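Following: one structure in structure tokens, then a few remarks.
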Amino acid sequence: MLFEAKTVLVTGAASGIGRATAIHFAAEGAAVTIGDRDEAGLEETAGMMASRPVIQPFDAVDNVSCRQLVTVASRDGLDILCNIAGVLKSGKSEDFSLEDFDLVMRVNAHSVFTLCQAALPRLVESKGNIVNAASAAALQGIAYTTAYCASKHAVAGITKSLAVEFASRGVRVNAVCPGMVNTPMTQKAYPDGLDMSLLMRNAPKLLDGSCEPEDVAELIAFLASGKARKITGALFSIDGGQLAG
């Protein structure tokens, strides 16, 4: 199996892409730790996995909680960190609260750096790697999602900067950039009253171009595997052609 004897930490594992990623790694033989603030969702995910994971609830806005998650996940070493936890809040920018802006940045960007910082000493030891969940919103502007776009642009910057800094120490750092994905988060992404013509500029181009979480999980697993051993600092789009034009 592709990840036999590998230890993997997956955040955001209570649903969506994080859940699919945890399931995929376990099916490929990895020992997986799953983190999320939704404890019931983590238990549901665990019941879907081929082997019992370590379950560690955590709060992405809390630095201590983030570091504790890494401590638990790396008790027997750590090979792969998958930063997938995130939040999407949207609305007209002139009405968007600064509190919500801060929350989105804290969960989507600040926690990614905190988790990476905590994990990197272990990953240097194992010559492991990080896969971050960025977004198509890391590579373009999308109406009504200023905070989300800003946070995902930050993830792109974190990914590339760490890749450069740690390449000589044997650690790879990459990110996936999904477009529209059928997850609980995106199904309630936009409130009523927005100009849908602006949003449709960012629609996938392929027929049935929206992704399923499993599609993204497969790309994450590829980037985390030895098959991608020459890839670092890359932002991989999986968006049904959303960014093509």
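The table below lists the values:
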{"read-out": "Exclusive hit being assigned to a helix (DSSP H, G or I), touching a strand residue (DSSP E or B) at 6+ places or on another chain (Cβ under 7 Å) and not β-branched (V, I, T), set F236, F166", "value": "F166"}
{"read-out": "Condition met for V176 (touching a Pro at 6+ places or on another chain (Cβ under 7 Å), modelled with pLDDT of 95 or more and either under 18 Å from G86 (Cβ atoms) or basic (K, R) (or both))", "value": "no"}
{"read-out": "Near pairs, Cβ below 8 angstrom, 6+ apart or cross-chain, from the range 117-141 (more than 17 Å from G233 (Cβ to Cβ)) to any residue that is outside any loop (DSSP other than H, G, I, E, B) and acidic (D, E)", "value": "none"}
{"read-out": "Matching option when the condition is touching a residue at least 24 places away in the same chain (Cβ under 8 Å) and either over 27 Å from L199 (Cβ atoms) or not in a loop (DSSP other than H, G, I, E, B) (or both), among E43, E4", "value": "E4"}
{"read-out": "Whichever residue in the range 61-89 is without any contact (Cβ under 8 Å) to a residue 24 or more places away in the chain and assigned to a helix (DSSP H, G or I) and, among such residues, is surrounded by the fewest Cβ atoms within 10 Å (Cβ to Cβ)", "value": "V64"}
{"read-out": "Any chance G240 is farther than 26 Å from L103 by Cβ and surrounded by 16 or more Cβ atoms within 10 Å (Cβ to Cβ)", "value": "yes"}
{"read-out": "Filtered residues of the range 185-195 (kept if over 20 Å from L139 (Cβ atoms) and surrounded by 11 or more Cβ atoms within 10 Å (Cβ to Cβ))", "value": "P191, L194"}
{"read-out": "Residues that are among the basic types (K, R) and assigned to a helix (DSSP H, G or I), drawn from the range 199-233", "value": "K227"}
{"read-out": "Subset of the range 58-77 that is under 17 Å from the mean Cα position of the chain (by Cα) and of a type in the set (A, V, I, L, M) - its residue that is farthest from T33 (Cα to Cα)", "value": "V61"}
{"read-out": "Which listed residue, of R37, R19, is within 30 Å of C149 (Cβ to Cβ), buried (at least 19 other Cβ atoms within 10 Å of the Cβ) and among the charged types (D, E, K, R)", "value": "R19"}
{"read-out": "Failed condition for V173, given (1) part of a loop (DSSP other than H, G, I, E, B); (2) touching a residue at least 60 places away in the same chain (Cβ under 8 Å); (3) under 21 Å from L235 (Cβ atoms)", "value": "(1)"}
{"read-out": "Any hit, the range 127-137, residues being of a type in the set (A, V, I, L, M, F, W, C), outside any helix (DSSP H, G or I) and over 13 Å from I80 (Cα atoms)", "value": "yes"}
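Yes/no matrix, rows are residues, columns are (1) in a helix (DSSP H, G or I); (2) modelled with pLDDT under 95; (3) closer than 21 Å to A217 by Cβ:
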residue	(1), (2), (3)
D102	yes, no, no
N108	yes, no, yes
E125	yes, no, no
A150	yes, no, no
A154	yes, no, no
L162	yes, no, no
T186	yes, yes, yes
Y190	no, yes, no
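The values are calculated or read from the model by the stated rules, or taken from the named source; none is laboratory data. Treat the numbers as computed from the prediction; the structure is a model and nothing was measured. Quick reminder, even Gly has a Cβ in these numbers, built from the backbone with ideal geometry, and neighbours come from all protein chains shown.
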